[in-house]
1. Tell me, 48, 79, 59 in order of fewest to most beta-carbon neighbours within 10 Å?
2. Say each of residue 215 and residue 11 gets a label point 7 Å from the Cα, pointing the same way as Cα to Cβ; how far apart are those two points in nm?
3. Determine the gain in length on full extension of the stretch residue 271-residue 205; use 0.36 nm per residue of separation and subtract their C-alpha separation, reporting nm with one decimal.
4. With each label point set 7 Å from Cα along the Cα-Cβ vector, what nm distance links residue 251 and residue 22?
5. Taking each pair of distinct Cα atoms in segment 134-288 once, what is the resulting Kirkwood hydrodynamic radius in Å?
6. Which of 146, 231 comes first, and how do the rest follow, when ranked by fewest Cβ neighbours within 10 Å?
7. Would you calculate a helix-derived [θ] at 222 nm for the chain, using -39,500 (n - 2.57) for each DSSP H run of n ≥ 4 and dividing by the full residue count, to the nearest 500?
8. Roughly what would the spin-label model give for residue 37 and residue 79, points 7 Å off Cα along C-beta, in nm?
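Since every read-out is calculated from the coordinates, none of them should be taken as a lab result. Remember, predicted model here, so these are calculated numbers, not experimental data. Cβ: placed from backbone, ideal geometry, glycine included. Neighbour counts: every protein chain shown.
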Ligand code: CP
């Protein structure tokens, strides 16, 4: 698999996802061995117009662990020349001369596609407004595969701000690639899942249902995927925000109803929608999920940039899936 732009989750088919997960597993081995020089000499620009902790740091960590370098701006909306009126397109054209890949988070849905349409170097969508967050969805599925040993046949509740949540939108696109998945959409009335995703699921024969009683489905789901009510997306609709916040909270009482082999996920950050008392439960997978972001993003960067990428798990004896000549400089 060679990748160019990574813009939308639905651009990936099941075979590509499986290869990506195989490579992410290889990358776990690379990290355990101290990193590699696979992307030595390559430069990644992180161009973030919105706040981030996990996505930005895990991409930067991934690039550094593969021997590449990173350039970035602290806050592209304030400190790049967009504040002087420069367009996104001009910014991308300029960065094409400075970098080998651009990881971009933007506040407008569709911005990643606009950037990809004019960029020679790969654009990786790190979240575009209320549009998509495909690399989060890749690491979410990788986590489910790792934790449960399967994705086919799972029952999953996606909970919270489904109208504005770009992570759940991308996740739904990917879940549609798997067999016999059942999705429960659990959201306060003012932030129900938008029609485009429901139509996509219906078109792809994915069983889904909108459910308001989280307690009633807690005992049957394999994955409870909680999300934050995103205050920043409500603008002056403060009444709607108040109506949505606190409706669904994952606490000790709720998880006492869940199966012993189920998992609780969250793309993070959380505010108060998962009680901190839940963190100590072995089913709380959200911090392991965030860690998986490094391995998935290493695999994505390698698939975009590595000049000579052998098959995952290649029989070179090093278990990394990366040709021995390329890891000869393992630190
Ligand atoms: N999950 C996620 O996108 O987190 P950040 O906003 O911290 O990057």
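1. In order of increasing Cβ crowding within 10 Å: 79, 48, 59.
2. That separation, rounded to one decimal, is 4.5 nm.
3. The residue 271-residue 205 span can extend by a further 20.3 nm.
4. In this crude label model, residue 251 to residue 22 measures out at 4.7 nm.
5. So the Kirkwood estimate lands at 15.5 Å.
6. Values: 146 18, 231 14.
By the 10 Å Cβ count, ascending: 231, 146.
7. Working: 12 runs with 121 residues, N = 331.
Mean residue ellipticity at 222 nm (helix-derived): -11000 deg cm²/dmol.
8. For the pair residue 37/residue 79, the computed spacing is 3.1 nm.
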